[in-house]
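The values are calculated or read from the model by the stated rules, or taken from the named source; none is laboratory data. Remember, predicted model here, so these are calculated numbers, not experimental data. Note that each Cβ is placed from the backbone with ideal geometry, even for glycine, and that neighbours are counted across all protein chains shown.
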């Protein structure tokens, strides 16, 4: 039941981000921030005390608190929100690539995820978050969440293994088909969003503190 609920949540949020992420970006960002904060808190407590994912009540409480903080920051501050999105996508790609080529999830995949996540965050700040960057991030992040959700629902990945090798580490290590599905969904999601938002741009200054006046 736990895997089913988490899988459905990942599937729904992932589909929203992948296919309509840019148009509803400002609404979806706090949700993404909450989920990222929750996962980070739970993973951190599990690693600190040597427990599995979601096995500790303390870890869940800490995760909920961090998730709420991330959600609030993502709602209030434009650059914080997009940096969180970019960092998590980079982290998933970095750790996932190593896991997909056969490297066991562990400290090395963790470092690879952190390194690529940092690169994504710096790149976002330098690029000033143009529309096409947001389209790519939402498509890739949503596609990854869809893949994770399906893997959880059909039982290919266990809930307790989610903290190992990045969010997608265990999924991509299971089969090369998951990697292929992630890439295909990212491309399809990007194309769908590009077509549906040709005349739509986010007006940052109307919704966020800390946003650059103008559109993104």
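Close Cβ contacts (under 6 Å, 6 or more residues apart or on different chains) running from residues in region 113-130 that are farther than 20 Å from residue 92 by Cα to residues that are at pLDDT 75 or above and in a helix (DSSP H, G or I) comprise 127/133.
Taking residue 81, is it in a helix (DSSP H, G or I), modelled with pLDDT under 75, under 19 Å from the mean Cα position of the chain (by Cα) and within 21 Å of residue 142 (Cα to Cα)? Full working, then the answer.
Working: in a helix (DSSP H, G or I): yes; modelled with pLDDT under 75: no; under 19 Å from the mean Cα position of the chain (by Cα): yes; within 21 Å of residue 142 (Cα to Cα): yes.
Judged against the criteria, residue 81 is not a match.
Of everything listed in (1) at pLDDT below 85; (2) not in a helix (DSSP H, G or I), the single unmet condition for residue 171 is (2).
Just one of the listed residues (149, 155, 144) is modelled with pLDDT of 70 or more and surrounded by fewer than 17 Cβ atoms within 10 Å (Cβ to Cβ), and it is 155. The set of residues in region 122-135 that are surrounded by fewer than 21 Cβ atoms within 10 Å (Cβ to Cβ) and either at pLDDT 85 or above or in a helix (DSSP H, G or I) (or both) comprises 122, 123, 125, 126, 127, 131, 132, 133, 135. Scanning region 61-78 for residues being over 15 Å from the mean Cα position of the chain (by Cα), modelled with pLDDT of 80 or more and assigned to a helix (DSSP H, G or I) gives a total of 12. Among the residues making up region 13-27, a single one is part of a helix (DSSP H, G or I) and without any contact (Cβ under 8 Å) to a residue 60 or more places away in the chain: 27. Put simply, of 26, 11 the only residue that is out of contact with any helix residue (DSSP H, G or I) (no Cβ under 7 Å at 6 or more places or on another chain), at pLDDT 75 or above, crowded, with 18+ Cβ neighbours inside 10 Å and at negative phi is 26.
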